[in-house]
Amino acid sequence: MTDTPNLGLPYIDGSQAQKHVTHNEALRILDAAVQIGVLDLTLTAPPSSPADGERYVVASGATGDWAGKDDAIATWQDGAWAFLTPKAGWCIWSAADESLFVFDGSAWQGAGGTASLDNVAHLGVNTAASSPQPPQRQIQRRAVRRHRRRRRRHRRHATSGLEGGFGQHGVSIFLERLFGAG
């Protein structure tokens, strides 16, 4: 086996001279294949002056340097086009469409519309989704409990060590008037 099974990265043979050539080729493939964001999926001819690293999906019926490379990911690297043949499950982001696409083994398919959480029946954030307590109700209850704990803590600290002056009961009455009974 001379290449890795998924990305086709070349292996370095033990007796190979100029190992850096094979290593650099593997880095170029990784640079093109990882976190794929393409500029467009509809071009059938290469752009006239691409910038280094620009990526495109070759549309059906391509011409010029892209002829016969339908659905491949074309990357402009080192002054030439390099092509990656996608495998089923590969995902790309298209800047032109502002959308995510998935390769299904034969064509690039839109990964779905925009998600909306407007009328979601159940939602669990860092927990299992449940309906009995809406999240805002839980947050309100936590805020009330936190306020009550602070009030109790404040009363303990405000009344401790006060003998004479206001006296312990005088401070308690003052705090009750200030924060309400409870």
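Details
- Net charge of neighbours whose Cβ lies under 11 Å from the Cβ of PHE83, counting Lys and Arg as +1 and Asp and Glu as -1: -1
- R0 of 45 Å, Cβ-Cβ distance ASP52-HIS154: FRET efficiency to nearest 0.05: 0.10
- Residues ALA67 and VAL102, FRET efficiency given R0 of 25 Å [Cβ-Cβ distance, rounded to 0.05]: 0.50
No lab work stands behind these numbers, since they all come straight from the coordinates. Worth saying up front: this structure is predicted, and the values here are computed from it rather than measured. Glycine also receives a Cβ, built like all others from the backbone with ideal geometry; neighbour counts cover every protein chain displayed.
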